[in-house]
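The values are calculated or read from the model by the stated rules, or taken from the named source; none is laboratory data. In this text the structure is predicted, and so the values were computed from the model without any measurement. Don't worry about glycine lacking a Cβ; one is built from the backbone with ideal geometry, like all the others, and counts go over all protein chains shown. We work out accessible area using only protein heavy atoms, side chains counted, and drop any ligands, DNA or RNA first. Shrake-Rupley method; radii C 1.70, N 1.55, O 1.52, S 1.80 Å.
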Amino acid sequence: MLRRLDLLSWLTAALGIVVLGTVLASQYLGGLQPCELCLYQRWPWGAAIVLGVLAAAIRPARRVLVLLAGAVILLGGLLAAYHAGVEYGWFPGFTACTSAISLGNGDVSALRDQLLNAPVVRCDVPGFVLFGISMAGYNAILSLVAGLVLLTAAIRPGSSRSA
């Protein structure tokens, strides 16, 4: 039977895959272009995948890796909460904007045309809202809950006993 930390290790990696898969699908299949803060929010989930797989593979370091994954996800949740606050006008946002530019065949005029026609993705305007909550808001909720669950479960005595 899987122990609690074994299960949490795999669930952490699986949740990271689901979250990153969802945002990549919304970008590449749904056409929802990310802003700079959206791109930053992907890094903690990528780290959570790596830490979850490492925790599942390295038994002696499992508790530390699950704790680290929880902390990384929790920090990602704070970043997502900041981004949601920027979208709601509670906090000032970054001045930089991002867009997808391809260098193509190196033709300067084609690059200039791409730059002039590239959509500007602003961090203070949510690209998607459901029930009054943006994707950054949902990421904040999910990240804060998942991070706290991982930290609590890894710190709690008896975490290595059977689930």
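For the range 1-98, the carbon plus sulfur part of the accessible surface works out to 76%, probe radius 1.4 Å.
Calculate one ³J(HN,Hα) per residue across the range 76-85 by plugging θ = phi - 60° into the Karplus curve 6.51 cos²θ - 1.76 cosθ + 1.60, and present them in order as whole Hz with x for glycine and proline. With the stated coefficients, the range 76-85 comes to x, x, 5, 5, 5, 5, 4, 4, 4, x Hz. Label positions at L29 and L78, each projected 7 Å from the Cα along the C-beta direction, are separated by 3.4 nm. Looking at the range 10-87, the accessible area is 47 square angstrom per residue; that uses a 1.4 Å probe and ignores ligands, DNA and RNA. Full extension of the chain between R156 and R112 gives 10.2 nm of extra length, using 0.36 nm per residue less the Cα-Cα distance.
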